[in-house]
1. Of all beta bridges DSSP finds with both residues in the range 2-246, what is the antiparallel percent, to the nearest 5?
2. Please state the charge dipole magnitude for the chain, taken about the Cα centre, from unit charges on C-beta atoms (+1 on K and R, -1 on D and E), reported in debye and rounded to the nearest 20.
3. What nm distance separates the two modelled labels at S147 and R6, each placed 7 Å from Cα along Cα→Cβ?
4. Which of the aspartates and glutamates could a cross-linker bridge to K160, judged by Cα under 17 Å and excluding same-chain residues fewer than eight apart?
5. Rounded, prolate or oblate for the range 41-87? Axes are the square roots of the Cα gyration tensor eigenvalues, ordered a ≥ b ≥ c, and the cut-off for rounded is a/c under 1.5.
6. Please list, in order, the residues from the range 75-91 whose amide nitrogen is less than 14 Å from a point placed 7 Å along the Cα→Cβ vector of H49.
7. In the range 29-155, with Lys and Arg counted as +1 and Asp and Glu as -1 at Cβ, which of these residues, I90, I130, F63, has the Cα nearest the positive end of the dipole, that is, farthest along it?
8. Relative contact order, percent, of the range 101-226 when contacts are C-alpha pairs under 8 Å separated by at least 6 residues?
Amino acid sequence: MQYTFRSPDWDTYRMDYKQPFAVLEPIESEIAVVGSVLAQLVEIGMLPHAHYDESHFMAFRSFVAEQFEIPWTAITPRMQRLLWAINAIIQPQNMIAAGVFCGNTFISNAGAGVGPGAVYTARNLIGVEIKPAEAQRAERNTRRIDSSGVARVVAEDAVKVVAEFPESISLLYLDADGTDSRGKGIYLDILQAGLDRMPAGSIVLAHNSVNCAEKLSHYLDYVRDSANLRASLNVIFDVEGLEVSVK
Ligand SMILES: C[S@@+](CC[C@H](N)C(=O)[O-])C[C@H]1O[C@@H](n2cnc3c(N)ncnc32)[C@H](O)[C@@H]1O
């Protein structure tokens with residue numbers, strides 16, 4: 001089943017990619033928009049509930065704003081909050097994020113399980129970045145927030161890492177833009193490399209469901225077909241978008 005969430009201001013809510021923590025709207029409005037997405041995910045049976053801890057989230061956000069080196073990012077404050085909240089609610093023991101660049105997207109997911117905002121204890125929170133220099137920076141950023149090593153970044157091809165991961169994967173985040181002709185089309189390769197180890201109820205998050213919809217069309221067709229994934233929601237609350245799918 002395919003669903004859509006669309007906020008009325010999705011195309012005017014815009015960030016400066018070089019100022020990831022600039023305030024774009026009153027915090028109450030950010031909380032309300034993300035709360036409406038979570039409520040829809042609950043209503044269609046993709047999440048068990050919509051509650052998350054605001055003070056833990058803000059502790060996480062402040063730490064990343066102060067300590068992470070982020071040359072640019074397309075993760076809006078709404079997206080950061082939604083990614084963190086979904087992880088805080090699902091509490092995946094094993095989470096893999098593919099194509100993490102400097103690590104901001106990775107920690108937006110992993111920050112629910114490590115660091116000052118942690119709300120649970122995870123086993124493995126793995127970020128994968130194919131460019132070694134970017135992977136090193138993402139790993140440096142990650143070490144500032146997590147001394148345990150539960151969250152870590154590896155310099156590898158995400159298809160390989162997901163295919164070889166030996167345990168179940170309860171949350172998979174997709175953001176790799178591919179270094180060959182596949183481009184964003186690599187999302188489907190990464191998902192299919194791990195789908196057999198994703199139990200029922202596992203979540204797949206795919207960034208750029210709006211601004212890369214065309215390049216992602218075969219991925220989106222796949223996750224929106226209930227023969228493959230149980231349900232899928234296209235979250236349109238900024239110009240990038242996020243496809244949230246449940247197995
Ligand atoms: C455009 S960035 C994502 C940025 C992110 N949306 C943000 O706003 O911070 C995509 C990253 O995917 C990486 N990448 C491309 N193909 C990959 C692969 N097969 N495995 C892992 N990472 C990959 C690229 O090197 C790049 O750093």
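Throughout, read-outs are computed from the coordinates displayed, never taken from laboratory work. Source: prediction; values computed, not measured. Virtual Cβ from ideal backbone geometry, glycine too; neighbours counted across all protein chains shown.
1. Looking only at bridges with both residues in the range 2-246, the antiparallel portion is about 30 percent.
2. The calculated dipole for the chain is roughly 340 debye.
3. Placing both labels 7 Å beyond Cα along the Cβ direction yields 5.0 nm.
4. E129, D175, D177, D180, D189, D196
5. It comes out oblate by the Cα gyration axes.
6. Zone members listed by number: 88-91.
7. I130
8. It rounds to 20 percent for the range 101-226.
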